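Written below as structure tokens is the structure these notes are about.
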Amino acid sequence: MEPCDDCTMLEHELWRASDHYVGLIVQHDQMMRDGKPEASTLDITIKRARRRRNAAARLLLAHRGTHEDLSLPKTITAGQL
């Protein structure tokens, strides 16, 4: 499958969303180790980042599915004859 511009854009968005999510988790873990009580304020932000990452992954998978659908050989059913 040859990637198209949309594939590239969606892959980039997934990479950015994943990077942001991991960065927040690392930041949260560091704050917890340092005993900072404001670490819990990142919980909602982490959940939103996870949802964004998951949505980006779903969009990419759905888009790749359209490529696969287009590359499958078409079969003729009896009703189309």
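Taking segment 23-37 as the range and being assigned to a helix (DSSP H, G or I) and modelled with pLDDT of 90 or more as the test, the residues that pass are Gly23, Leu24, Ile25, Val26, Gln27, His28, Asp29, Gln30, Met31, Met32, Arg33. The requirement of being polar (S, T, N, Q), modelled with pLDDT of 95 or more and surrounded by 11 or more Cβ atoms within 10 Å (Cβ to Cβ) is fulfilled somewhere in segment 49-69, by at least one residue.
Taking each residue of segment 1-15 that is closer than 12 Å to Arg64 by Cβ and among the aliphatic types (A, V, I, L, M) and looking for partners that are surrounded by 13 or more Cβ atoms within 10 Å (Cβ to Cβ) and at pLDDT below 85 with beta-carbon atoms closer than 6 Å, six or more apart or interchain, yields Met1/His67.
Selection within segment 8-47: residues that are within 19 Å of Leu60 (Cβ to Cβ) and over 12 Å from the mean Cα position of the chain (by Cα). The member of this set that is surrounded by the fewest Cβ atoms within 10 Å (Cβ to Cβ) is Thr8.
The values are calculated or read from the model by the stated rules, or taken from the named source; none is laboratory data. No experiment lies behind these values; they were computed from the predicted model shown. Counting neighbours? That spans all protein chains shown, and the Cβs are built from the backbone with ideal geometry, glycine included.
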